[in-house]
1. Just the residues that are assigned to a loop (DSSP other than H, G, I, E, B) and facing another protein chain (nearest Cβ under 9 Å), please, taken from segment A:297-332.
2. Determine whether A:Gly112 is in a loop (DSSP other than H, G, I, E, B) and in contact with a strand residue (DSSP E or B) (Cβ under 9 Å, 6 or more places away or on another chain).
3. Starting from residues that are surrounded by 15 or more Cβ atoms within 10 Å (Cβ to Cβ) and at pLDDT 90 or above, keep the ones in segment B:132-144 and report whichever is farthest from the other protein chains (Cβ to nearest Cβ).
4. Can you report the number of residues in segment A:308-332 which are exposed (fewer than 15 other Cβ atoms within 10 Å of the Cβ), aliphatic (A, V, I, L, M) and in contact (Cβ under 8 Å) with a residue 12 or more places away in the chain?
5. May I ask you to list the residues in segment A:205-264 that are more than 9 Å from ligand 2 (Cβ to nearest atom), under 18 Å from B:Leu137 (Cβ atoms), among the aliphatic types (A, V, I, L, M) and modelled with pLDDT of 90 or more?
6. When residues of segment B:55-65 are filtered for being surrounded by 24 or more Cβ atoms within 10 Å (Cβ to Cβ) and either facing chain A (nearest Cβ under 9 Å) or out of contact with any strand residue (DSSP E or B) (no Cβ under 9 Å at 6 or more places or on another chain) (or both), how many remain?
7. So A:Cys232 passes all but one of these: (1) within 16 Å of ligand 1 (Cβ to nearest atom); (2) surrounded by fewer than 16 Cβ atoms within 10 Å (Cβ to Cβ); (3) free of Cβ contacts under 8 Å to residues at least 24 places away in the same chain. Which condition number does it fail?
Amino acid sequence: MQKVTRDILIDRAAELLASGMVNRVLGWRSGEFFYDVVPAVFRSEADMRDGFVFDDFCGCNFSKYLVKESARSDGRILVFLKPCDTYSYNQLLTEHRFDAEKTYVIGVPCDGMLDIGRIKERVGEGVIGIEAEGDELIVKTLYDGDKRMKREDALPDRCRHCKGKKHVAFDELIGEECEENDENASGRFEGVAELEAMTSEQRYFFWQNELSRCIRCNACRDVCPACTCEKCVFDNPKSGVENKAASDSFEEKLFHIIRAFHVAGRCTDCGECSRVCPQHIPLHLLNRKFISDINGLYGEYQAGETVGSRSPMVDYSRADLDPSEAIGKREE
Amino acid sequence: MQIKVRKPLIVAFCCNWCSYAGADLAGSNRLNYPADVKIIRVPCSCRVNPTFVLRAFQRGADGVIICGCHPGDCHYTSGNYYTRRRMTLLFSMLDYLGIERERTRVEWVSAAEGAKFAATMNEFAEQVAALGENRRLEDLRCKK
Ligand code: SF4
Ligand code: SF4
Ligand code: FES
């Protein structure tokens, strides 16, 4: 359960709409199922009372939507951002993708979101409701009645290893601001380390198994707040990689290497890509590999922590190691 | 019956100002290096986009080497420093995906180092030959 309720957010948004401070609100609207929360623009309080939600399924990070939405009208747009979303917001500002003056950020606290995929893995299909009871969830299902599971097991990977619950950008905050939680975040690279410890062949088969499931829906690219080019190589019919060729393992790798490489140094580890993947491919393992290499070789860097910081990938030092030495050093 | 021995195909991206001239020097000094090293001239080592490396593998390379000016000597002052970071991340990622690390390399070769160029290519070709054909990053549609 989230400590801040939808009504608190609607009340504050209504005040800001009435005062003319903002003329529309970017928020979460409930979708076809209660767990299918979708991003939406609200123009009035009535509209918000009708469809706005704030619950455990509001994982969607709105930062990227601001690029297009803030350009649509002259007024300010109100946007709700969770702590991890604000990193993407800063990163986009760093890249001059929109004008901060045209946005109004309300920082909302987050108690961790739930991943419906993980829940369905445990309880099966037909989820019609979820209630919280302490550390447990009571999942109501259509076919098998109520089922219990630990809340922890339903958390997506990004919440399990949350970078910290402090907002790095906001115009105002609602609810209580939590302290940063480094202990939690240190688990971020466990998955990467596990893979690194395998043999080259094992890794090859692991990724072959994961990446061959990709249907090239491009959702991971479309959702990524670091990925905002207007024209993308993956949409170019002449590139030879704009589509899925089911039989071809090369294309899968090329797409994934380039997608992750393109955002290396700018990826805030917001976890949106893994969240939206319909095939449940652990894309964060690719991004975090780059992040851990960058941290290890070129110094700790968190994209989006401050506006205007210089990514290690557009920087250099004379003392950098050559690739062969660097990769060898990492292994020790 | 004749048994065809498959020689590894190597793509070498050489920067115009140092390594390409180094290759030239190796040639005019009559130094041997494998004919299966295909040189692609680039204006600077940092012109090499990660996609170039992947594309080379796709089109049948068994190994890819990038040669540039020594650090500090880049014709454009700092291009090779960026190359160094980029290729470190790319090669590390390839390794992470289970693609043999010995198939990729970055080497600094100046215009005066014809001998180093030939030696590097000989050594790299041998190293790649030991791995055999590139299977893990191949594109069957590009195979004859
Ligand atoms: S690559 Fe994934 S985790 Fe990184 S910024 Fe993009 S969506 Fe977020
Ligand atoms: S979201 Fe998943 S299935 Fe879709 S292109 Fe990305 S990795 Fe592939
Ligand atoms: S000009 Fe040779 S590496 Fe830049």
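The values are calculated or read from the model by the stated rules, or taken from the named source; none is laboratory data. What you see is a predicted model, and the numbers here were worked out from it, not measured in a lab. Here Cβ is always computed from backbone atoms with ideal geometry, including for glycine, and neighbour counts include all displayed protein chains. Just the protein is used for accessible areas: all its heavy atoms, side chains included, with ligands, DNA and RNA removed. Shrake-Rupley method; radii C 1.70, N 1.55, O 1.52, S 1.80 Å.
1. A:Asp315, A:Tyr316, A:Ser317, A:Arg318, A:Asp320, A:Leu321, A:Asp322
2. no
3. B:Asn134
4. 1
5. A:Leu254, A:Ile257, A:Ile258, A:Ala260
6. So the count comes out to 1.
7. Here A:Cys232 clears every test but (2).
Rundown of residues vs (1) open to solvent by less than 10 Å² (accessible area, probe 1.4 Å); (2) within 21 Å of A:Asp115 (Cβ to Cβ), yes/no style:
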| position | (1), (2) |
| --- | --- |
| A:Tyr204 | no, no |
| A:Ala226 | yes, no |
| A:Phe255 | yes, no |
| A:Arg275 | no, yes |
